[in-house]
Each structure stands twice: as structure tokens, then as C-alpha cells.
Amino acid sequence: MDIQQIYWHTEDHDGMEDDHFTYCPLCGKHLMHETVDHQPRKVCTDCGYIHFRNPSPTVSLLIIQGNRVLLGKRSSGPGEERWATHSGYIEFDEDFLTTAVREAKEETGLDVGILSILNVTDSFFPPAQHFLNLYLLARVIGGQLQSGDDMGELRWFPLSGPFPNMTFQEDMDLLERYRQANHPSLPAEQGDHKGDAF
């Protein structure tokens, strides 16, 4: 199976240009349109703030135990009542490994160890959301299985399938690719990931 890394969940590519950011977060003045670095951007002519639109960095976890994978049924947000891998936003004061461990605990009650990086994807959603996502392979090292955060139900599924009604094509493709014997991955850095620089 060929690797896929860019996913469009909207046909309105032009709609991704919509930016409803109106006021300067530093001084509160109305933002103006200007060209900066060859791109149309919103800038504050009073204090000089430039509004750069960037993707939201996220992580998703493929939590494996033996020949099973843990999936959760989403209780809110996109894909409500459908199934997905465990995921979340990378906070400003976190590295991506710390985020992965935290999200696993919040959504599943489990402590996990991160084994490797499986894929990196760009996902575009209407009306104007862009996620840069790191898919990580994780194993259970402790804790008690209990659904939390935005997961209403948790269940182990055999890696051989079948899988339930999944929310994201990204997850389905990753599961299919992981089941192949020679799936590529990049080892994840080991050690303490507490954001020591902060």
C-alpha cells in the first residue's frame, strides 16, 4: 500500500483562504490586509503585529497490545458516534511525545510508552481547519482502561479487522498500512519529556 500524507476533507479549497481573524491580539486595533513574504496576511498598522495562519499541530496514537488495537468512539466534535485513534493538540509547552502520553491517559486511562513515528499527515477540514498530525505507535505500560475526555467508549479490535465505522480516512489508511509486515517507522526519542526548557 502506498503511503498517503495529504488528506482533503473539503472540496472547497478556496474556502481554506477564509480568515475571520479581525482584531489585533496585542493592541486590539482592527487588522488590515497587506502582502507579507509574498502572501496576503492581516497586519496591525499600529503595533506591527502580523497574523500568520499556521496549521494546528496534533498527535494520533496507534495503541497496540499483542495483535489488537485500541480505538475509541467519539462522543463529540467531528465524527461523533464514530470510531477513531486517540489524538489531541500539542500544547505550547509540550513536546509531541509528552502530548501523546498525556492524551492517552486522558482518553483511555492508560499509561503508554511511545515506540515509533509511523506517519505525518496534513488534513484539511471545512470550513478552514488545517491539522499537521504525527501518527505514533504506542504500547501499554500501565494504568486502568477507562474512557475519558471526548471518547464515550473504548474497545480493543483485532488488527486483522474488521474495524467499526471509522471517522477519518487517515486512521483507516494507517491501520491498513500497519498491518503490512514491512511498515516503515522512525524510532521515537526515549527518556523524560516534561518540557524542561520551560
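For region 41-198, what does the relative contact order come out to in percent, with C-alpha contacts under 8 Å and a separation of six or more? Could the numbers behind the result be given before it?
Values: 305 pairs, mean separation 45.2, N = 158.
Normalised by residue count, the contact order of region 41-198 is 29 percent.
The distance separating the Cα centre of region 74-104 from that of region 112-136 comes to 10 Å. To the nearest 10 degrees, how steeply does helix 96-108 sit against the main Cα axis of the chain, on a 0 to 90 scale? Taking Cα atoms only, the helix is inclined about 60 degrees. Which FRET efficiency value, to the nearest 0.05, is calculated for Tyr23 and Asp93 with the Förster distance at 22 angstrom and r the Cβ-Cβ distance? The value I calculate is 0.30. For region 147-160, the Karplus equation 6.51 cos²θ - 1.76 cosθ + 1.60, evaluated at θ = phi - 60°, returns couplings of 5, x, 6, 9, 9, x, 8, 10, 7, 7, 10, x, 4, 6 Hz by residue, with Gly and Pro reported as x. Amide H to amide H distances under 5 Å link Tyr135 with Ser60, Leu118, Asn119, Val120, Thr121, where only residues 5 or more positions off or on other chains count and H is placed in the peptide plane. Counting only DSSP beta bridges with both residues in the chain, the antiparallel share comes to about 75 percent. Between Ser116 and Ala128, the modelled labels are 3.9 nm apart [label points 7 Å from Cα along Cα→Cβ].
How high is the relative contact order of region 21-124, in percent, with contacts defined as C-alpha pairs under 8 Å that are six or more residues apart? Mind showing how you got there, number by number?
Numbers: 120 pairs, mean separation 15.8, N = 104.
For region 21-124, the relative contact order is 15 percent.
Based on the convex hull around the alpha carbon atoms, the chain presents an average projected area of 13.5 nm². Using the Cβ-Cβ distance between Gln146 and Phe52 with R0 = 41 Å, the FRET efficiency computed as 1/(1 + (r/R0)^6) comes to roughly 0.55.
Every number here is computed from the coordinates shown, using simple stated rules; none is lab data. Source: prediction; values computed, not measured. Don't worry about glycine lacking a Cβ; one is built from the backbone with ideal geometry, like all the others, and counts go over all protein chains shown.
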